[in-house]
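Novice: Here you go, one structure.
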Amino acid sequence: MSSTAVVSQYFEYLNAYNFDGLENLFAGNFTHEFRPASIGGMGTPVRNAAQFLDWLKNLKNLIVALNFTSPIETIVADGAVVIHVHSEGETPSLGKSFPNEHLFIFHISSGKITSIKEFMDSKYVAQLSEDEKAAGKV
């Protein structure tokens, strides 16, 4: 499978919260990092596959109907894919939508994702976290 096909499959599985499908895309040495550093790695600077999947399972309880849109821009290099994309989600516990903007850097080897660096709109993520705390959701 090509690197771009692996990334497309990743977003298909992520939109469906298909954790088994995601796990099958990850290499044994997989790592995930949230960036920029100002968001503190969303609690953990670097996660392995099991930790990242657990984080996603918890996310599913907060953000439902997650949907990553068609890529705005994609750059493909040997063993890497960089993709700029928007996402939409609903946070029923807060009664608001959760739009975000992301830049993903995927490293892929032998058809498996070895690492993802995910950059998000840090101001919006911080605001959502503050809203959750104010509502007693965290």
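Novice: Calculate how steeply helix 49-62 sits against the longest principal axis of the alpha-carbon atoms of the chain, using the helix alpha-carbon long axis, and give the answer as 0 to 90 degrees to the nearest 10.
Specialist: In the chain, helix 49-62 runs at an angle near 40 degrees to the longest axis.
Novice: What is the helix-to-structure angle for 122-134, meaning the angle in degrees between its Cα long axis and the longest Cα principal axis of the chain, kept from 0 to 90 and rounded to the nearest 10?
Specialist: 40 degrees
Novice: Run lengths n ≥ 4 of DSSP H only: what is the helix-derived mean residue ellipticity at 222 nm for the chain, with -39500 (n - 2.57) per run over all residues, to the nearest 500?
Specialist: Estimated from H runs of four or more residues: -10500 deg cm²/dmol.
Novice: Here's a follow-up. Distance check, please: which entries in Lys60/Lys112; Lys96/Lys123; Lys57/Lys117 exceed 21 angstrom between their Cα atoms?
Specialist: In this structure, Lys60/Lys112 exceed 21 Å between Cα atoms.
Novice: A follow-up question, please. Between Ala77 and Asp121, with labels modelled 7 Å along Cα→Cβ, what's the label distance in nm to one decimal, could you check?
Specialist: 2.7 nm
Novice: For the chain, what is the accessible area per residue in Å² when the probe is 1.4 Å?
Specialist: Value for the chain: 52 Å² per residue.
Novice: Can you work out the FRET efficiency for the pair Ser70 and Ala37, with r the C-beta to C-beta distance and R0 = 22 Å, to the nearest 0.05?
Specialist: E between Ser70 and Ala37, to the nearest 0.05, is 0.15.
Novice: Once the Cα atoms of helix 3-15 and of the chain are each reduced to a long axis, what angle between those two axes, in degrees from 0 to 90 to the nearest 10, is obtained?
Specialist: Approximately 30 degrees, to the nearest ten.
The values are calculated or read from the model by the stated rules, or taken from the named source; none is laboratory data. Owing to the predicted nature of the structure, the values given are computational and were not obtained by experimental measurement. Glycine also receives a Cβ, built like all others from the backbone with ideal geometry; neighbour counts cover every protein chain displayed. Remember, those area values only see protein heavy atoms, side chains included, never the ligands or the DNA or RNA. Shrake-Rupley method; radii C 1.70, N 1.55, O 1.52, S 1.80 Å.
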